[in-house]
Amino acid sequence: MTVVLSHSDIAELIDRTAVYHAVRRAHADLSSGGAQNPAPSAIPVHGDATVLPMVATAARHRGSVVKMLSDMPANRACGLPTQRSAILLMSTETGECQALLDGRLVTAVRTAAASAVATAALAREYATTLGLIGAGALAVEHTRAIARIRPIEKVVVWSRNDSTVEQFRHRIGDLELSVERAGSPRDVVGAADVLCTLTPSQTPIVEGAWFRPGMHVNAVGAPPRADHREIDGPGMGSVRLVVDSRQTALTKSGDVLIAITEGYLRDSDVTLELGDVLVDPRIGRRDGDDITLFNSVGIGLQDLVTARVLVDAALERGVGSRVDLGG
């Protein structure tokens, strides 16, 4: 029988700490050969819309996954989400379809978990100020994830929309953190020990000239499109760069690809994956003044391990629907 988990089912089941640990193990497995995650191919469908089948397999979980991600920029004008996804979890032992999951919350939580894993591995231990450029759902998830692994006392946040910042403030109220609205992205960078860029920007919203020694950056928000980026070329060329997957970064990260085109990076500079740093922490941050940057495009392996956590919890608690897909 196949487990079907809706958005509300996933909201009931999600254990963010468990997802964090699953994502951490997954990246280590990717570097040590226990998991496979080929770069996704974008398939044009109409206009500027694309679909991306994100696939992965993990020996630890005896499973494979495909997340079908629909990237629909025109939806913004209609008030609809620009990205939608569904996740199919399969057994690598029997080939059966084990689960079908709505991708919305899975994507947000696993993305924040990956940033938290990178922050734990790369940021200075005494980082107390979190800077956020963007104040939507990803900002909420990143604040919760990073506050669990660093002694965050203050959040400095910028958004073009006043109401979005107020909603953000309300949604993290239980964390009892000081929240300060910044006047500009540059102000956020100037205050942050850990910076998260969380906007679907096509042009740079952060300049490397603003970076300060010792800070850690999670570049997260740009969609998996070669012409979108949040960090300018000089910024990408000035940091200790870590990627989620080299194959994915060199095909889908506009932050990386445009910096290479502009001459600030070379292909050979994009070698250090998050899993490599987890396996050997000595190759990550080398000293207190290093500026480290985690370029997060998002990979199917993160979806696989998060789906596995959710499906195990659903089976234990009897949550979700059961359907017989046969085959």
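Mean-square fluctuations from a GNM of the chain, with a 10 angstrom spring cutoff on Cα atoms, peak among Asn37, Asn161, Asn295 at Asn161.
With the simple spin-label model, which puts each label point 7 Å out from Cα in the Cβ direction, the Val4 to Glu93 separation comes to 2.6 nm. For segment 124-298, averaging the sequence separation of C-alpha pairs within contact (under 8 Å, six or more residues apart) and dividing by the residue count gives a relative contact order of 21 percent.
For segment 152-175, backbone nitrogen atoms closer than 17 Å to the point 7 Å from Asp187 Cα along Cα-to-C-beta are found at 154-169. In the elastic network of the chain, a GNM with C-alpha springs shorter than 10 Å, the most mobile of Gly33, Gly237, Gly79 is Gly79.
Computed 3J(HN,Hα) for segment 253-263, one whole-Hz value per residue from the Karplus formula 6.51 cos²θ - 1.76 cosθ + 1.60 where θ = phi - 60°, is 8, x, 3, 6, 5, 5, 4, 5, 4, 7, x, glycine and proline marked x.
Reported to the nearest whole Å, the Cα centre-to-centre distance from segment 6-31 to segment 32-88 is 17. For Leu132, the amide hydrogen comes within under 5 Å of the amide hydrogens of Val156, Val157, Trp158, Cys196, counting only partners 5 or more places away or on other chains and with H modelled in the peptide plane. Normalised per residue, the accessible area of segment 142-263 is 40 Å², obtained with a 1.4 Å probe and no contribution from ligands, DNA or RNA. Apolar share of the accessible surface for segment 124-298: 45 percent from carbon plus sulfur atoms, 1.4 Å probe.
For segment 97-256, the dipole from Cβ point charges (+1 on Lys and Arg, -1 on Asp and Glu) about the Cα centre works out to 260 debye, to the nearest 20. Taking Tyr264, Tyr20, Tyr126 as the candidate residues, the one with maximal mean-square fluctuation in a Gaussian network model of the chain, Cα springs under 10 Å, is Tyr126. Compared with the dominant principal axis of the Cα atoms in the chain, helix 16-32 is inclined by about 90°.
Label-to-label distance for Arg246 and Asp174 is 4.2 nm, based on points extended 7 Å past Cα in the beta-carbon direction. Cα centroid separation, segment 91-154 to segment 283-327: 9 Å.
The values are calculated or read from the model by the stated rules, or taken from the named source; none is laboratory data. Everything quoted here is computed from the prediction, not taken from an experiment. Don't worry about glycine lacking a Cβ; one is built from the backbone with ideal geometry, like all the others, and counts go over all protein chains shown. Just the protein is used for accessible areas: all its heavy atoms, side chains included, with ligands, DNA and RNA removed. Shrake-Rupley method; radii C 1.70, N 1.55, O 1.52, S 1.80 Å.
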